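Note sheet for the following structure.
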Amino acid sequence: MKRIITAALALLLLAAMTGASASQAGSASQAGTAADSLVTKQYVDSTYTQALMSRINQLIVQRLGGGSGASAPGDTTLTGSGGGMLSGYEYTSGNQSFNLPPTGQITVGQGGSVIVTSGQVTLTVNSGEVVDIAEGKPVPSGTVLRARRRYFCTESTVAIYSTASWATVMADGPYVFVGDPAAQAYRDVRPGDWYSAASLYAWQKRIFLDWNSPDFRPGDTVTRAEIIYAIWAAAGSPASDFMANYDDITEAWYLPAVRWASEKGIVKGIGNFKLDPDGLVDRAAIVTMLFRATAVTGASSEGRADLTAFTDAAAIPDWSAEAVSWAVANGVVLGVGDGSFSPGLATSRGQIAALLMRMFE
């Protein structure tokens, strides 16, 4: 019983960290509960808060201490003092999405939780107890989990969530993922696809707003706002308070990217104070944006190629010729397979991810 109550209180504490009211959780536990008057705020603080804050401080030190940079969400390994049974696990907070391929697994340790969002996932409890938070009851091994239920790992718990076919889960806390890294990113990407490496890069850098969606959708076309956002994210999401003077900015999600890109001269609008955020961007325009970005991202701006090798060289606009020449010389962009450059062709998500990977990696 104590484990179940502890799990519920720990979940309240985690919820408080992600935006719920900490004061309400504290006041509810200050006087104990009707079910168990011995469970007090002091017990929660001594059992969970100190250890949790110690681990958070440890992660902050790792992040700011000059160690190897993080390449993917939740890639900080829990090691060092206090690691205990969690040593070797990675950590994620805020419900990170994992796409489990056939025979895929994700192992979650104490203090972690899982929500199934699609597919059929089976639980195996190696040690401890997993609690269905909605019912407040332990869940036995072999259970096929219900969708949109949170399953929480109590003290000294190791739980394995596995699937025989594609499934998606949201995990929070310490975890170990088993499977093809590309499959972890997107379920519509297979090893050998020309965009496989680019899709993993897109997931790692979160270059698209829906980076944690189940599908990559490599063939979908990309708008100006999405491309500006992608370049900004690949550059490390730098802050800018520049006032971008466009009167057709309608969504807040791309505003930080537009401010930075406008300040650095990467994007200049289409005239008449218009950004045209929903418009499509052709190959000549995106290459020009990328070439301008070299001045502020550290990428090389050296190298020029002879464009006469393309059958449609005369169709490449004068304003983009230098950028195209740079991109071809540096392998950032290639032809389309028939000997042409096709400067007016719209770009896709797979192509944008590949371009940015070639430029920044």
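The values are calculated or read from the model by the stated rules, or taken from the named source; none is laboratory data. Please read these numbers as outputs of a predicted model, since none were measured by experiment. Note: ideal-geometry Cβ built from the backbone for every residue, glycine included; neighbour counts use all protein chains shown.
Summary table
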read-out: Residue 240 vs. criteria in a helix (DSSP H, G or I) and more than 21 Å from the chain's Cα centre (by Cα); value: no
read-out: Scope region 248-280; condition touching a strand residue (DSSP E or B) at 6+ places or on another chain (Cβ under 7 Å) and either more than 20 Å from residue 320 (Cα to Cα) or assigned to a loop (DSSP other than H, G, I, E, B) (or both); matching residues; value: 248, 277, 278, 279
read-out: Every residue from region 127-164 that is of a type in the set (Lys, Arg) and part of a strand (DSSP E or B); value: 137, 150
read-out: Matching residues in region 206-237 - criterion: being farther than 29 Å from residue 118 by Cβ and either part of a loop (DSSP other than H, G, I, E, B) or in the same structural domain as residue 98 (by TED's automatic domain parsing) (or both); value: 235, 236
read-out: Residue match in region 110-117 (condition: of a type outside the set (Ser, Thr, Tyr), surrounded by fewer than 17 Cβ atoms within 10 Å (Cβ to Cβ) and outside the structural domain of residue 214 (by TED's automatic domain parsing)); value: no
read-out: Sole residue being of a type in the set (Ser, Thr, Tyr), in a loop (DSSP other than H, G, I, E, B) and over 26 Å from residue 206 (Cβ atoms), chosen from 124, 103; value: 103
read-out: Of the criteria (1) over 15 Å from the mean Cα position of the chain (by Cα); (2) touching a residue at least 24 places away in the same chain (Cβ under 8 Å), which one residue 192 fails; value: (2)
read-out: When residues of region 201-237 are limited to those that are without any contact (Cβ under 8 Å) to a residue 40 or more places away in the chain and surrounded by fewer than 22 Cβ atoms within 10 Å (Cβ to Cβ), the one farthest from residue 359 (Cα to Cα); value: 215
read-out: Pairs where the first residue, in region 331-347, is farther than 16 Å from residue 194 by Cβ and not assigned by TED's automatic domain parsing to the domain that holds residue 280 and the second is aliphatic (A, V, I, L, M) and at pLDDT below 85, C-beta under 9 Å, 6+ apart; value: none
read-out: Hits in region 272-311 - residues which are modelled with pLDDT of 90 or more, among the hydroxyl-bearing types (Ser, Thr, Tyr) and within 29 Å of the chain's Cα centre (by Cα); value: 288, 294
read-out: Residue tally, condition more than 15 Å from residue 326 (Cα to Cα), surrounded by 15 or more Cβ atoms within 10 Å (Cβ to Cβ) and touching a Phe, Trp or Tyr at 6+ places or on another chain (Cβ under 9 Å), over region 281-314; value: 3
read-out: Test: residue 196 is crowded, with 20+ Cβ neighbours inside 10 Å and of a type outside the set (Asp, Glu); value: yes
